[in-house]
Amino acid sequence: MIQYGMPTGSLWRDRNFTLFWAVQALSVAGDSFSYVAMPLLVLRATGSVTQMGQLTALAAAASIVSGVFAGLLADRIDRRTLLIACDVSRALLYATIPLMWLFAPRIWLLYAVVPLGAAFAMLFRVTYVTVVPGLVDPDRLTEANARLSATYAMASIFGPMLAGVLSGLYGPTAAIAIDAGTFAASAVGLCFVKLGGLERERANARGVTRGDFVAGVRFLWRHPVLRSLTVLLSFLTFLTLGLTDILIYYLGHELNQPDGTVGYVLAAAASGTILAALVVAPARRGLGFGACWIGSYALCGLAIVGVGMSRSVPMVAALATTVIFGIGVAGICTMSLRQEVTPDHLLGRVTSAYWTIHSTLAPVGAAMLTASVARYGVPAVCLFAGSACVLIAVSGTLTPIRQARPEQLAVEPG
């Protein structure tokens, strides 16, 4: 069992970690272009927040389906090969959008490309989580995840800003083209990363069986904190998946802001992850896991309520930053805990099961919340979603999530 103590050594001395960090930062910088450009592309072509939500819901559904198989693949196939294959596939997929738009806008293409891209993204995310524990010492996991998150957030700050400017000058498809190029660059960089002990021989079992996915579900259920986290996050993702669409619609439609301003606000919000990365490791050591997780999501809920009440762009940006900060602290703590308590040979399937289960309600939530915005307005929807987040966070005090050191808890027999 991993003991959560004071870390030693420096992450910067590890060539593999540094290279992995660099190429993924590049990829995230480009991906943040699509984060802004894709909703803007739909909004420009249709003017419908409902269609934005439907596309987000479809992508989330594709992630859930692929999540059933992602863990099995990550635990049985060479993990570096999987990461490279995911990057190459996404580069090719997203490149088709600007190429096809050269002739005429084709909204139907987004409904084909975005879900496929989301499926490969889920496979990449699951595999990525299984790789990090092999790049750093066990007592540096929270710090490593924080540093990766902070670097990604830095890339996400400049990405939306540039995406907003590019979208205003040359259209959203130009930003999506850059995203495709960064995936290609990431694939090349990963060819030089050595994963060493994390590389796995293929299992003798054939095909994909239900038992493989259930192995991950069973481990989640047997760990009291992971079980509670999975249940509560199912409701939290229902409430938060569509927030980016709502924020973009609110700024661009109701507050009449140009694409560049939308990019600046999303860039400012991304700085919340940097703040989270700076405080999460010492906060978890000092306050404990439960206080960090519960407090972060309670703060997140209050900020969501505030977004709907504000008509000031700087205030909306500050509140959106607070939302991302809360999600960042809770997310880094949760990811690190999963990596600490899960045996490596199960880590892919446990991660896959975790994300698949707690994301099940997310597509419905994204579609419902964006449709509700069209009918009731942003303030009412933000009031509902934010208040519900606070209640769910507070309910964590009644579960094992409240534990300060859950990595020391034993897995229940079963």
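The values are calculated or read from the model by the stated rules, or taken from the named source; none is laboratory data. These numbers come from a predicted model, not from an experiment. All Cβ positions, even for glycine, are placed from backbone atoms using ideal geometry, and neighbour counts span all protein chains on display. Note: areas computed on protein heavy atoms with side chains; ligands, DNA, RNA excluded. Shrake-Rupley method; radii C 1.70, N 1.55, O 1.52, S 1.80 Å.
Whenever a residue of region 270-293 is farther than 21 Å from residue 394 by Cα and basic (Lys, Arg), it has no partner that is modelled with pLDDT under 85 and part of a helix (DSSP H, G or I) lying with C-beta atoms less than 7 angstrom away and at least six residues away or across chains.
Table: residues versus (1) at pLDDT 75 or above; (2) open to solvent by 10 Å² or more (accessible area, probe 1.4 Å); (3) within 21 Å of the chain's Cα centre (by Cα).
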| position | (1), (2), (3) |
| --- | --- |
| 25 | yes, yes, yes |
| 29 | no, yes, yes |
| 48 | no, yes, no |
| 80 | yes, yes, yes |
| 92 | yes, yes, no |
| 110 | yes, no, yes |
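You will find that of 211, 252, 216, 197, the residue that is part of a helix (DSSP H, G or I), at pLDDT below 85 and closer than 30 Å to residue 270 by Cα is 252 and no other. Put simply, of 410, 385 the only residue that is at pLDDT 85 or above, of a type in the set (Gly, Ala, Ser) and more than 15 Å from residue 229 (Cα to Cα) is 385. Tell me whether region 322-330 contains one or more residues that are part of a helix (DSSP H, G or I), open to solvent by less than 10 Å² (accessible area, probe 1.4 Å), within 14 Å of residue 273 (Cβ to Cβ) and in contact with a Leu (Cβ under 7 Å, 6 or more places away or on another chain). Yes, that holds for at least one residue. Checked against the criterion of being in a helix (DSSP H, G or I), touching a Lys or Arg at 6+ places or on another chain (Cβ under 7 Å), modelled with pLDDT of 85 or more and under 25 Å from residue 117 (Cα atoms), the candidates 235, 183 yield just one match: 183. Annotation note: of 135, 123, 110, the sole residue that is of a type outside the set (Asp, Glu) and more than 23 Å from residue 63 (Cβ to Cβ) is 135. Within the set 334, 360, the sole residue that is in a helix (DSSP H, G or I) and either open to solvent by less than 40 Å² (accessible area, probe 1.4 Å) or touching a residue at least 24 places away in the same chain (Cβ under 8 Å) (or both) turns out to be 334. For region 340-350, a tally of residues being open to solvent by 10 Å² or more (accessible area, probe 1.4 Å) and not in a loop (DSSP other than H, G, I, E, B) returns 6.
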